[in-house]
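**Q** Here it is, the structure, as structure tokens.
The values are calculated or read from the model by the stated rules, or taken from the named source; none is laboratory data. Computed from a predicted model, the values in this text were never measured in an experiment. All Cβ positions, glycine included, derive from the backbone under ideal geometry; neighbour counts span all protein chains shown. Protein only, heavy atoms only, side chains kept; ligands, DNA and RNA dropped before computing areas. Shrake-Rupley method; radii C 1.70, N 1.55, O 1.52, S 1.80 Å.
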Protein chains: 4
Amino acid sequence: MKAIELSDFSLDGLRLVERPDPSPGQGQIVLRMRAASLNYRDLVITGGRYATFPLPVVAISDGVGEVVATGAGVRRFSVGDRVSPIYVTNWLDGALPADNMRRLGGPVDGVLAEYMVMSEEAAVRVPSHLSDVEAATLPVAGVTAWHSLFSLGSVQPGQTVLVQGTGGVSLFALLFARAAGAEVIVTSGSHEKLARAKALGAHHAINYREVPDWDRRVLEITRGRGADHVVDVAGGEELSRSINAASVGGAVYFIGFVRGPSSTISLLSSMRKAVRLQGVAVGHRASFEALVRAMELHAIHPVVYRVFPVSALREGLGYLEKGDHFGKVALSLDDFDAFRGSK
Amino acid sequence: MKAIELSDFSLDGLRLVERPDPSPGQGQIVLRMRAASLNYRDLVITGGRYATFPLPVVAISDGVGEVVATGAGVRRFSVGDRVSPIYVTNWLDGALPADNMRRLGGPVDGVLAEYMVMSEEAAVRVPSHLSDVEAATLPVAGVTAWHSLFSLGSVQPGQTVLVQGTGGVSLFALLFARAAGAEVIVTSGSHEKLARAKALGAHHAINYREVPDWDRRVLEITRGRGADHVVDVAGGEELSRSINAASVGGAVYFIGFVRGPSSTISLLSSMRKAVRLQGVAVGHRASFEALVRAMELHAIHPVVYRVFPVSALREGLGYLEKGDHFGKVALSLDDFDAFRGSK
Amino acid sequence: MKAIELSDFSLDGLRLVERPDPSPGQGQIVLRMRAASLNYRDLVITGGRYATFPLPVVAISDGVGEVVATGAGVRRFSVGDRVSPIYVTNWLDGALPADNMRRLGGPVDGVLAEYMVMSEEAAVRVPSHLSDVEAATLPVAGVTAWHSLFSLGSVQPGQTVLVQGTGGVSLFALLFARAAGAEVIVTSGSHEKLARAKALGAHHAINYREVPDWDRRVLEITRGRGADHVVDVAGGEELSRSINAASVGGAVYFIGFVRGPSSTISLLSSMRKAVRLQGVAVGHRASFEALVRAMELHAIHPVVYRVFPVSALREGLGYLEKGDHFGKVALSLDDFDAFRGSK
Amino acid sequence: MKAIELSDFSLDGLRLVERPDPSPGQGQIVLRMRAASLNYRDLVITGGRYATFPLPVVAISDGVGEVVATGAGVRRFSVGDRVSPIYVTNWLDGALPADNMRRLGGPVDGVLAEYMVMSEEAAVRVPSHLSDVEAATLPVAGVTAWHSLFSLGSVQPGQTVLVQGTGGVSLFALLFARAAGAEVIVTSGSHEKLARAKALGAHHAINYREVPDWDRRVLEITRGRGADHVVDVAGGEELSRSINAASVGGAVYFIGFVRGPSSTISLLSSMRKAVRLQGVAVGHRASFEALVRAMELHAIHPVVYRVFPVSALREGLGYLEKGDHFGKVALSLDDFDAFRGSK
């Protein structure tokens, strides 16, 4: 079969290879892969800014495929089911395991291959109303948003959820918070993106270029209460504003760090408001399965910004790098051979 | 001022009396009462089937009034605010206090009076979009439903909530579960009521007269998963069906016992599914305040079945006894004097 | 290799067989089994009172062995490690999975074999200070007690834990509750057993033969508060007393049903005190691992009542049936051949 | 009666005054004050580094007194009971209220007075085995430690708790974590203090002067797991080490900031380990009451470093400032008049 491996930690390290076709062992399933999606982490890895791990590995963590073979004893899936492999392959439920580095796209082989084999326990049936490309956006971005709001946090109707930006995780958080009956505030530097976020259901939109002290604006909107849940993808020195914008007893989820990987925070503010600052490491299979039920019940569709053929993988990563996307950048996994000549 | 007291544990024990007008002490507020609503508990008390307590007490636990005076140091409310006293007067948040018998309508004076005085801590501002009569339905029925689903439980989008019947608590549970993005199943013995429940947002309706093994029907609807949350108001021997209808790891909330105050349950089923059976004792002020935010955000209106003048109190209790209501039976508190001749 | 299978649901259905020696697949480990222990469930299964499942299966759920071979990719264990297989083989953490019937000793092959093969994820390193026989008592009885008190509940120093009886789970609950700084009350029908329970750390002992209304005695001991946590192994009509003995907001864990598999409970009491009745289905791997850390830190030893050679399996089950044991009945797995002639 | 007020935000602003003797209103109690203790917050207030509030107020937040009068309707206490007022006077249980500035010692009158009046709901009976001075150390330092470990966190036997330093909160955390069966690691810059901490029950001691990368030492001690709970009183740039020392899924409680009120933290580390950073704002009455039960059951005594007469208040604050104390600095409230000439 064809696959795209990362052979060194650079964009040029991505290369088309031939690998043996997998066959299912006891309790295993084999997927014919259909679509994939890109995450900031994929950029960090190909940029060599992630912890290193042995190479080569099949690239990219998020994908969806169709079950084409099942090993003995498999009972969760049948041939023909459409499923996604889970990102941390041994995290089914509960607390993040201490041994949590079995992550797809490195160090464990990822999804950019014609076929993938895995334990049936490490896969989830995807929502039936989604296209392959839509379904491929769920494993990291969708699950991170869900896990933050409903497994680490517990969003209730009438609570306020503040979502920073309009990238993949942020728009999932917007959609899920709405489904849960929350009041949603979105920040962005673009009026056009804010308008689209409102069209997706956000109650309030703040342009942080015009309102640099957007934390104060959140307090105004909430009549001084602050946001019960803050989905922080900015990091950097903006994190202080997230803490300011949080309610007494509120939570700030660390999801990303596009403004910088470290932050200076005020302990005094955090203590006075008894705020909880929660690091988020994607999420478990149980979050993924709960997300599927909610998306199906509410017919929620992910926001797909652009779909590239797998051969345009590097171009897709480039879009992500620019940071101009609204939602997810995805790949269709049809024509691996075309990758050959790509640069 | 005028008030209606319970002087002995019977319907005839309700009588119109004159009491001194209250004035606010430090940290206290005085309300001019506007409306009240009736609960099954009021029936149980006037029927002498509740634990006894010293009489007389001002009758009925749920009401709404307008702040007409504030004592020194009051900061939660101003004159003109419309508020409800909370039912367990010293339960603000967290676990039910061991000392939890300070309950309105007995042993503590209730709401059927022209004026009421209380600590500002023991009152909650009611939603501004509700009429007085609508707001008066919240303190016990609304809070019980909210507390079950969001303080004891934690309903998430895509989960299934099973609601028994169409009384006050049940319809609140229906409305709140919908607001939280859950899939709602309602049971009733009346097609007409089921149709109305669906109009309010229920996804599925089961007529238990036609489908006595409604637990199996719940399992079919949920494709074998069962309901994540079961709001049980029936009690009696129906409780076993609630356990059968619950999902693995699901919760059954004991709210009422219209089919009987004791139940025979299967320990084996409860253990196999790791079901949680949770007694519910109304709820705390924090649940009430969260409910207010949710109702305002979603413009939710309680279902008021009938409104009686306070003079027709006994007739209202009679309606409740019949069990034929759909939603809440309420009272307007305008003309206490008319009660005099009533029987 | 030798193994003892259950070939039909009766004591006589237990028979010695020859099975092929297992070898480890990817991610799997092979154990040389050393010891086992017996649970009430084993009796229920051999008595045909459990749900049926396909036969034959290797009998008995709880055991300990030494890793003698590891498959490719195994990272949790090395040859020589002493580990126990977990009881519900796919329950690692979090909520009980809906698909939870992969249980050892039926339907999944159990521990009475010279060798056992399993996923490395489905095993836990046992405490180093325990003998093989002691370690073999943990997977069901130890984990059930731990999971109840620390995963479903959350015992704190100064809380009161009521433990019924002196069987396997109960004595583990006693030991773990003590380690957590709780006040422990034990009930039993035997003065001698109560004396031994006090020697193990129980603060209070109640002989239910002399004090049939032991629930009132619990309220006296706790000055009216009741027990925060009740470990109920009796079931049957004694369950009502457990509810009476629980504190406001307390929890009753359904662990067993030696007095009967169904109970009549008062909904009114459960509601008034907001008691939680929690079905317990053993526990997950994370509970097992937490238990190991606690037992090692505190050098806790399980209470082993009697050790039989595997050939005396039926005699061991008979001891359990009599219900006269204090702690666990265990088996050493040395001489399978001797089983041949046993009856 | 005599009282010591803060009249401006400075040490010289402390002055002896005469105030009217209080009498109890409905639901209130009057205490004859017996002892007090000092907290870092008292220093911050008298140093003008806390948020300002209207002056004068009676100084100091923590004290204990004897009930000498009760108002109508009081049921929690009787004359003669020894109780402590709670620090946040309207926080009984659950989440920190948004309106949480009703704090003793400013803006609300504190404990340095001959008599104090308060709602019976705002007081807690103190452990009977403690002296007045010992009991006076509980309301802020004891409750902060308890609330962190058992209300915000949930320490279990066998978990690891890392405690920084040997001040008031830290030693309470040590004692409570031990009572809960945890493994305790203490850091300090003094060998003598570490020796005393080990005598109090700490399993491991790290001298951060000799081992500046004490986070690595914690990982060694825990064989790579890290501490499940980190009680951080240092703040400043040491906070990063706390995050490093925490386990996957672990919690760091922000209690103090003796090394600085702001910290630079790594978002990446926090995310990778899914660490929770939790601001702590003392704790609620329910934590205080749970603490009392645990201290009584285990006969735990607070560590009192030095006791001053109330007249030496400024000297006591000076001791605190030096930061050389091991445990709590307390005051006996016998001779207010002697304060007059003090400087």
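**Q** List the relative contact order of chain A as a percent without decimals, with contacts defined as Cα pairs under 8 Å and 6+ residues apart.
**A** Values: 838 pairs, mean separation 64.2, N = 343.
Over chain A, the number comes to 19 percent.
**Q** Between beta-carbons, use under 12 Å as the cut-off and find the net charge around residue C:190, counting Lys and Arg +1, Asp and Glu -1.
**A** On the way: positive: C:193, C:196, C:209; negative: C:192, C:210, C:324.
Value of the local net charge: 0.
**Q** Over the protein assembly as shown, what is the percentage of antiparallel beta bridges among all DSSP beta bridges, to the nearest 5? Before the final figure, lay out the partial values.
**A** Values: 136 of 248 bridges.
Taking every DSSP beta bridge with both residues in the protein assembly as shown, the antiparallel ones total about 55 percent.
**Q** Tilt of helix C:285-298 relative to the longest C-alpha principal axis of chain C, in degrees (0 to 90, nearest 10)?
**A** Long axis of C:285-298 versus the principal axis of chain C: about 70 degrees.
**Q** For the charge dipole of the stretch B:142-279, defined by +1 on Lys and Arg C-beta atoms and -1 on Asp and Glu C-beta atoms about the Cα centroid, which residue among B:263, B:279, B:152 has the Cα displaced farthest towards the positive pole?
**A** Toward the positive end, the furthest listed residue is B:152.
**Q** I'd like the orientation of helix C:313-322 relative to chain C: the angle between its Cα long axis and the longest Cα principal axis, in ° from 0 to 90, rounded to 10.
**A** The two axes meet at around 10 degrees.
**Q** While we're here: Give the chain A residue with the shortest beta-carbon distance to the rotation axis relating chain A to chain C, plus that distance as a whole number of Å.
**A** Closest to the axis: A:94, 2.
**Q** Put a point 7 Å out from Cα along the line to Cβ at residue A:125; what are the distances to that point in the other copies, in nm, shortest first?
**A** 3.9, 4.7, 5.7
**Q** So, one more: Of B:2/B:322; A:198/B:193; A:198/A:322, which ones are farther than 32 Å apart at the Cα?
**A** Numbers: B:2/B:322 29 Å; A:198/B:193 37 Å; A:198/A:322 23 Å.
Too far apart for the 32 Å limit: A:198/B:193.
**Q** Could I ask something else about it? When you look at the Cβ of every residue in C:94-105, what mean number of other chain Cβ atoms sits within 10 Å? Intermediate results must be reported in sequence, preceding the final value.
**A** On the way: counts 11, 8, 8, 8, 8, 4, 5, 2, 2, 0, 0, 0.
The per-residue average across the peptide is 5.
**Q** Suppose R0 equals 30 Å. What FRET efficiency, 1/(1 + (r/R0)^6) with r the Cβ-Cβ distance, do residue B:44 and residue B:272 give to the nearest 0.05?
**A** Details: r = 34 Å, r/R0 = 1.15.
Working from the Cβ atoms, E equals 0.30.
**Q** Let me ask something else. Leaving out ligands, DNA and RNA, and with a 1.4 Å probe, what % of the accessible surface on the stretch B:142-279 is carbon or sulfur?
**A** Details: 2010 of 4140 Å².
C and S fraction of accessible area: 49 percent.
**Q** Any chance you could tell me what percent of the C-alpha pair distances in the stretch D:74-202 go past 25 Å? Write down the numbers at each step before the final one.
**A** On the way: 2934 of 8256 pairs.
Of all Cα-Cα pairs in the stretch D:74-202, 36 percent lie more than 25 Å apart.
**Q** How much of residue C:322 can a 1.4 Å solvent probe reach, expressed as accessible area in Å² and rounded to 10?
**A** Roughly 140 Å² of residue C:322 is accessible to a 1.4 Å probe.
**Q** With a 1.4 Å probe and every protein chain left in place, work out the accessible area per residue of the stretch A:199-270 in Å², rounded to a whole number. Please report the intermediate quantities before stating the final value.
**A** Numbers: 2780 Å² over 72 residues.
Per-residue value: 39 Å².
**Q** Within a Cβ distance under 12 Å of residue D:323, other residues only, what is the Lys/Arg minus Asp/Glu net charge?
**A** Details: positive: D:193, D:259, D:322; negative: D:321, D:324.
Neighbourhood net charge equals +1.
**Q** Less than 11 Å Cβ to Cβ from residue C:109, Lys/Arg counted +1 and Asp/Glu -1: what total charge do the surrounding residues give?
**A** With Lys, Arg at +1 and Asp, Glu at -1, the net is +2.
**Q** Among bridges DSSP assigns within the stretch D:142-279, what percent are antiparallel (round to 5)?
**A** Values: 0 of 21 bridges.
Of those bridges, close to 0 percent are antiparallel.
**Q** What is the average number of partner chain Cβ atoms found within 10 Å of a Cβ in C:84-93? Working shown, then result.
**A** Values: counts 0, 0, 0, 0, 0, 0, 6, 3, 9, 9.
Neighbouring Cβ atoms belonging to other protein chains average 3 per residue here.
**Q** A further question follows. What distance in nm separates the simple spin-label points at residue D:26 and residue A:114, each placed 7 Å from Cα in the Cβ direction?
**A** According to this spin-label approximation, the distance is 8.3 nm.
**Q** Averaged over D:326-338, how many beta carbons belonging to a partner chain fall within 10 Å of each residue's beta carbon? Kindly include the intermediate steps, with their values, before the conclusion.
**A** Working: counts 0, 0, 0, 0, 0, 0, 0, 0, 0, 0, 0, 0, 0.
Per-residue shielding by partner chains comes out at 0.
**Q** What number, in percent, do you get for the relative contact order of the stretch A:142-279 if the mean sequence gap of Cα pairs under 8 Å and at least 6 apart is divided by its residue count? Can you show the working numbers first?
**A** Values: 295 pairs, mean separation 27.1, N = 138.
Answer for the stretch A:142-279 is 20 percent.
**Q** Output the antiparallel fraction of DSSP beta bridges having both residues in chain A, as a percent to the nearest 5.
**A** On the way: 30 of 57 bridges.
Bridges in chain A that DSSP calls antiparallel: roughly 55 percent.
**Q** With each run of n ≥ 4 DSSP H residues scored as -39500 (n - 2.57), what mean residue ellipticity at 222 nm is computed for the protein assembly as shown after dividing by its residue count and rounding to the nearest 500 deg cm²/dmol? Working shown, then result.
**A** On the way: 40 runs with 324 residues, N = 1372.
Calculated from helices alone, the mean residue ellipticity at 222 nm is -6500 deg cm²/dmol.
**Q** I'd like the distance separating the alpha-carbon centroids of the stretch C:283-328 and the stretch A:104-153, in whole Å.
**A** The two parts, judged by their Cα centres, are 41 Å apart.
**Q** Most mobile of C:183, C:120, C:18 per a Gaussian network model of chain C (Cα springs, under 10 Å)?
**A** Residue with maximal mean-square fluctuation among C:183, C:120, C:18: C:18.
**Q** Another one. Helix A:168-179 versus the longest principal axis of chain A: what angle, 0 to 90°, nearest 10, using Cα atoms?
**A** The angle comes out at about 70 degrees.
**Q** Between copies, how far apart are the residue D:54 label points? List them in nm, one decimal, shortest first, with each point 7 Å from Cα toward Cβ, please?
**A** Shortest to longest, the spacings are 3.7, 7.1, 7.9 nm.
**Q** How many nanometers, to one decimal and shortest first, lie between the label point of residue A:79 and those of its other copies, if labels sit 7 Å from Cα toward Cβ?
**A** The answer, with the shortest distance listed first, is 3.9, 8.2, 8.9 nm.
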